[in-house]
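Single-structure report; data block below.
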Amino acid sequence: MKKSIVKTISLSLLLGIFMGACAQNKSQKSDDVSTEKNITTNPYYSRTATNKLSVSNAQWKKLLSPELYAVARNADTERAFTGKLWSSETKGTYYCAVCGNKLFRSDQKFVSSCGWPSFFEQENKSSVVFRDDNSLGMERTEALCGRCDSHLGHLFDDGPAPTGKRYCMNAISLDFEPDNKQKP
């Protein structure tokens, strides 16, 4: 009896959180979330460079917003269904919001009900790297930017064909440039 009450309360709380997050996200319309600030004020940000970066967290803290720093450098997670990119179907390219490394193309993205942008394949073999993550009492695979080692999200084995993988990424860790972006 007690287990069913706890289960009902837990499901009600999760539904409330989910509904609140969905309602909050409806006001976010723009798919072009390129972090123009990074491009102009972060000397390490480049969409063409491929060199491995070795930058201290103290330096990153000076350059990144507190929200991006928390996720990218401290492996925090943004709330589900709150990032601008989680449900975007716009064609374009996804970059690391910290360093500009090319990570994914929109044709590698799929609709997932998890609340974060999900991809079945990375852009190239070195764009995303992995390490074991046993935090929070779970065994997971952490996904990191292959250029700057910033936390992007996690890799799971429940994605669609052809890879069966789900790269579950924090939207705040991603910059996006639509294919049809007009140059100034």
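The values are calculated or read from the model by the stated rules, or taken from the named source; none is laboratory data. As the structure is a prediction and not an experimental result, all values here were calculated from the model. With ideal geometry, Cβ positions are generated from the backbone for all residues, glycine too; neighbour counts draw on all protein chains shown. With ligands, DNA and RNA removed, areas are computed over all heavy atoms of the protein, side chains included. Shrake-Rupley method; radii C 1.70, N 1.55, O 1.52, S 1.80 Å.
Sort out which residues of region 113-134 are open to solvent by 10 Å² or more (accessible area, probe 1.4 Å) and either under 13 Å from the mean Cα position of the chain (by Cα) or aliphatic (A, V, I, L, M) (or both), and write them in order of number.
Step one: filter region 113-134 for residues open to solvent by 10 Å² or more (accessible area, probe 1.4 Å), giving 113-114, 116, 120-126, 129-134.
If the condition is that a residue be open to solvent by 10 Å² or more (accessible area, probe 1.4 Å) and either under 13 Å from the mean Cα position of the chain (by Cα) or aliphatic (A, V, I, L, M) (or both), then Cys114, Trp116, Gln122, Val129 are the ones that fit.
With the structure loaded, tell me whether Ser173 is open to solvent by less than 50 Å² (accessible area, probe 1.4 Å), at pLDDT 95 or above and touching a Lys or Arg at 6+ places or on another chain (Cβ under 7 Å) or whether it fails that test. It would help to see each step written out before you state the result.
Working: open to solvent by less than 50 Å² (accessible area, probe 1.4 Å): yes; at pLDDT 95 or above: yes; touching a Lys or Arg at 6+ places or on another chain (Cβ under 7 Å): no.
So Ser173 does not fit the description; no.
Does Gly100 satisfy the condition of being open to solvent by less than 20 Å² (accessible area, probe 1.4 Å) and on the phi > 0 side of the Ramachandran plot?
Details: open to solvent by less than 20 Å² (accessible area, probe 1.4 Å): yes; on the phi > 0 side of the Ramachandran plot: yes.
For Gly100, the condition - open to solvent by less than 20 Å² (accessible area, probe 1.4 Å) and on the phi > 0 side of the Ramachandran plot - is met.
Rundown of residues vs (1) closer than 21 Å to Leu85 by Cα; (2) in contact with a strand residue (DSSP E or B) (Cβ under 6 Å, 6 or more places away or on another chain), yes/no style:
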site	(1), (2)
Asp133	no, yes
Glu139	no, no
Cys145	yes, yes
Asp157	no, no
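Phe110: more than 13 Å from the chain's Cα centre (by Cα), modelled with pLDDT of 95 or more and open to solvent by 20 Å² or more (accessible area, probe 1.4 Å), yes or no?
Judged against the criteria, Phe110 is not a match.
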